[in-house]
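Report on the structure given below.
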Amino acid sequence: VAAQNCRKRKLNAILNLEEDVCNLQTQKESLKKEHSQCSRSISRMKQKLNNLYRDIFSRLRDDQGRPVNPCQYVIHCSSDGSVFVIPKRLVKSEQKQGNEKEQKQK
């Protein structure tokens, strides 16, 4: 009787593990689909952002009415919703200062 109960417990354990494997495979497939959808969504957002960026720079003009060079400037959005066009050289120097501050804090 003890051996029979032991075999029954082992069989139940095996069945439970097989069910867990099946559930995990289903979950894995679901996560793969979700990942794929998120990747497509991110790609669409990146494309929209690039289009918006090009559109904004095609309309921007400097004080003399010349087009603003997107290679020399970046668009910066602050947390309060303000939007600025900043020279890239300033952004790079700010990033360096920020990185130095982070390293000092560590």
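The values are calculated or read from the model by the stated rules, or taken from the named source; none is laboratory data. Computed from a prediction, not measured in an experiment: that's the story for all the values here. Neighbour counts run over all protein chains shown; Cβ positions are idealised from the backbone, glycine included. For the accessible areas, the whole protein counts, side chains as well, though only heavy atoms, and no ligand, DNA or RNA atoms are used. Shrake-Rupley method; radii C 1.70, N 1.55, O 1.52, S 1.80 Å.
Grab the beta carbon distance between I86 and R59, set R0 = 30 Å, and tell me the FRET efficiency rounded to 0.05. That gives a FRET efficiency of 0.95. The calculated Kirkwood hydrodynamic radius for the chain is 20.0 Å, given to one decimal from all distinct C-alpha pairs. Simple rule: put +1 on each Lys or Arg Cβ and -1 on each Asp or Glu Cβ in the chain, find the dipole, and look at V68, A3, A13; the Cα lying farthest toward the positive end is A3.
Angle check, please: helix 88-105 long axis (alpha carbons) against the longest principal axis of the chain (alpha carbons), in degrees 0 to 90, nearest 10. That helix lies at roughly 50 degrees to the long axis. What is the count of Lys pairs in the chain whose alpha carbons sit under 28 Å apart, if the two are 8 or more places apart or on different chains? Close lysine pairs found across the chain: 20.
Which one, L11, L52, L60, has the greatest fluctuation when you compute a Gaussian network model over the chain with C-alpha springs under 10 angstrom? Judging by the Gaussian network model, the answer is L11.
A Gaussian network model of the chain, with springs between Cα atoms under 10 Å, assigns the largest mean-square fluctuation among I56, I14, I75 to I14. In this Cβ point-charge picture (+1 for Lys and Arg, -1 for Asp and Glu), the chain has a dipole of about 280 debye about its Cα centre.
To put it simply, the accessible area of the range 1-92 at a 1.4 Å probe is 56 percent carbon and sulfur. Axis angle, to the nearest 10 degrees, between helix 2-59 and the longest C-alpha principal axis of the chain: 10 degrees.
Any idea of the accessible area per residue across the chain, 1.4 Å probe, to the nearest Å²?
About 93 Å² of surface per residue is accessible.
Expressed in nm to one decimal, what extension gain is obtained for the pair L49 and E34 from 0.36 nm per residue of sequence separation less their Cα-Cα distance?
On the way: separation 15, 0.36 × 15 = 5.40 nm, distance 2.22 nm.
Extra length from L49 to E34 when fully extended: 3.2 nm.
Amide H contacts for L60 (H built 1.01 Å from N in the peptide plane; partners 5 or more residues away or on another chain; cut-off under 5 Å): V68.
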